[in-house]
Amino acid sequence: MKGNVVVDAAKETISRHVKLTALLLVTIIGSITAGLIPPLVLEWIINALTEKSELSLMAIVLYFILLSLSGALDAGKESLITVFGQKVTHQIRSMMCRKLKSLPADYYTKQDTGTTVSRFVGDVDTVETLFTSGIISMAADACRIFSILAIIFVKSPGLGVLMVLVLPLLYLLTRAFQKRMLAAQLDNRQAVGRANNHIPDTIRSIRTLHNLNKEEYMENRYDTYIQEGFRAVNRSNFYDSIYSPIIIIVSTILVAVMMILSAKGGWLMAFFGMSVGTAVAIISYVGKIFGPLESIGMEIQNIQSAAAGIRRINAFLSEPEKETPAGTADSQKDNPPPIQLQNLHFGYEDDKEILNGLSLTVNAGEHITLIGRTGAGKSTVFKLLLGLYEPWEGTVEIYGKKAGNIQEMERRTLFGYVEQEFHAVPGSVQDQITLGDPAISREEVLKALDTVGLWSTIKEFSEGLYTPYQDSLFSQGQIQLLSIARAIVSDPKILLLDEITANLDSDTEKRILEALQEASRNRTMLSISHRLYEYSGGRYITITS
């Protein structure tokens, strides 16, 4: 697979954790070697007993010590594989997070939220199983099988020939199971993605669903997705459940054939025969060779599950990224205006243009309100100013620089954006304002809260700024004030306000407007409104599509 994310992440993990990788390899080799020696010691003990030779107590002690060592090395191997797998998946999630920052805004509008979440959670988790009980374990089991085959050939050439004849058939069976399990795992991942997306969609539309009495319709759709995933998992489990019994039956038949032919005498006895001790050792080895083969059946399922997840992760990482816009260089004027739109054309769909030749200049310190009917493109103007989309034609410049060329950190100091709805983040009241940015000091937070008149309320909380945030702590108007404080805490030069007084009563709206008068002092402000109200020195621009 070209540009496989797992290969890249594994290489990065190996280069960063050389000691861990070396210890893992040593433990795997030690585990395989330690597992081969106890049957040979057991053969020596049994032969000594049958020949009535003197048996040393040390031989018996050595046998149990080797069994304990083998178990300890196996446990150490599994632990190290788990640690290695976790570090690889950490690298993958880091790569995916970096990808999120480079995706254009239209990815988030076109892509299901549940599908993206399932890639970060479910798909990456399957990659971890690729290492914990997948490809590394499978490689170790394969080495163990070849080592046991070599010993069997030395001890009983006839049984070795039988094993060589049977293993290709088991390989073909394994390949057939691989294809069917991969198809089932892909179907399951798709069903999980649809189910994950269905839940937030239902919650967002719950009032409409109640009004239209469509709860049963959404429930049936969710049930359909769950059933699709259930059937896919059942198919995968069916193939896995019949694989193990086949392996056990074949191992039993091989041991029985070896015993029967050994008892025939003549050249068959020479070809298959052996001492009692050797027979005990061979039976032990046969069990050991089919044990890894049985494990491989489980590991195949994990690998195929991970393969389905890897395909989806690679598809995510292959999504087109934001491009640096071509065209003329950024303006080199001495004092460019904060906002300048020239002959702007844009739409979200190729055949539907929303903005048609819009031109607008907002000078430093100016307050402008955009008005117009719903769907005219008022909020679209903000998205273009924030560099979330590139215009079809025309230019969007912020202080002479194209909006799409402004880096994220610089954008934070240029813009303060207040949306209609406040989107809370996990954490304290202070986190709602800083958004976890360590560069924002407590003094800056207090200044922002004081500007909007909210500090007197927050300081009365039991833990002040560090009180865990809950919607119930604030009224609707106070939540909007908190949103304004979040926008101005980094002292931006431009304030963007998106209908922030919509659905508020007149008293609350008055308080919000008073806070805005203070917050917008010495700042350029561009707002969207559904009705007219006066800002000091402001003017209105009508947006028509």
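The values are calculated or read from the model by the stated rules, or taken from the named source; none is laboratory data. Keep in mind that what you see is a predicted model, and the values were worked out from it rather than measured. Because the Cβ atoms are built from the backbone with ideal geometry, glycine has one as well, and the counts that use them run over all protein chains shown. Just the protein is used for accessible areas: all its heavy atoms, side chains included, with ligands, DNA and RNA removed. Shrake-Rupley method; radii C 1.70, N 1.55, O 1.52, S 1.80 Å.
Against the criterion of being in a helix (DSSP H, G or I), surrounded by fewer than 17 Cβ atoms within 10 Å (Cβ to Cβ), among the hydroxyl-bearing types (Ser, Thr, Tyr) and within 35 Å of the chain's Cα centre (by Cα), SER236 does not qualify. One residue stands out among those in region 440-480 that are under 35 Å from the mean Cα position of the chain (by Cα) and of a type in the set (D, E, K, R): the one that is least open to solvent (accessible area, probe 1.4 Å), which is GLU444. Scan region 57-80 and give yes if some residue there is in a helix (DSSP H, G or I), of a type in the set (Val, Ile, Thr) and touching a residue at least 40 places away in the same chain (Cβ under 8 Å), otherwise no. No, because not a single residue in region 57-80 is in a helix (DSSP H, G or I), of a type in the set (Val, Ile, Thr) and touching a residue at least 40 places away in the same chain (Cβ under 8 Å). Quick check: is even one residue across region 123-130 under 30 Å from LEU388 (Cα atoms) and part of a helix (DSSP H, G or I)? Checking region 123-130: at least one residue is under 30 Å from LEU388 (Cα atoms) and part of a helix (DSSP H, G or I). Within region 149-199, take every residue that is farther than 23 Å from VAL233 by Cβ and not hydrophobic (A, V, I, L, M, F, W, C) and give me the one that is nearest to the chain's Cα centre (by Cα). The selected residue is TYR171.
Give the residue that is least open to solvent (accessible area, probe 1.4 Å), with candidates limited to residues of region 202-229 that are within 25 Å of VAL124 (Cα to Cα) and touching a helix residue (DSSP H, G or I) at 6+ places or on another chain (Cβ under 8 Å). This residue is GLY229. For GLU518, the stated conditions do not hold, so it cannot be described as open to solvent by 70 Å² or more (accessible area, probe 1.4 Å), at pLDDT 90 or above and among the acidic types (Asp, Glu). THR132: more than 14 Å from the chain's Cα centre (by Cα), buried (at least 17 other Cβ atoms within 10 Å of the Cβ) and under 16 Å from ALA9 (Cα atoms), yes or no? In short, yes. Of LEU36, LEU67, LEU25, LEU49, all but one fail to be open to solvent by 70 Å² or more (accessible area, probe 1.4 Å) and closer than 17 Å to CYS143 by Cβ; the exception is LEU25.
Evaluated against (1) modelled with pLDDT of 80 or more; (2) β-branched (Val, Ile, Thr); (3) surrounded by 14 or more Cβ atoms within 10 Å (Cβ to Cβ), THR115 falls short on exactly one condition, (1). Among the numbered conditions (1) open to solvent by 70 Å² or more (accessible area, probe 1.4 Å); (2) within 30 Å of PRO39 (Cβ to Cβ); (3) in contact (Cβ under 8 Å) with a residue 12 or more places away in the chain, the only one that LYS155 does not meet is (1). Is it the case, given these coordinates, that ALA485 is farther than 30 Å from ASN343 by Cβ, aliphatic (A, V, I, L, M) and not in a helix (DSSP H, G or I)? For ALA485, the condition - farther than 30 Å from ASN343 by Cβ, aliphatic (A, V, I, L, M) and not in a helix (DSSP H, G or I) - is not met. Pairs under 6 Å by beta carbon, first residue touching a residue at least 40 places away in the same chain (Cβ under 8 Å) and assigned to a helix (DSSP H, G or I) in region 16-45, partner open to solvent by less than 70 Å² (accessible area, probe 1.4 Å) and among the acidic types (Asp, Glu), six or more apart or different chains? What qualifies is SER31/ASP74. Out of ILE14, ILE92, one residue alone is surrounded by 15 or more Cβ atoms within 10 Å (Cβ to Cβ) and either in contact with a Ser or Thr (Cβ under 9 Å, 6 or more places away or on another chain) or on the phi > 0 side of the Ramachandran plot (or both). It is ILE14. Applying the set (1) part of a helix (DSSP H, G or I); (2) at pLDDT 75 or above to GLN304 leaves exactly one unmet item: (2).
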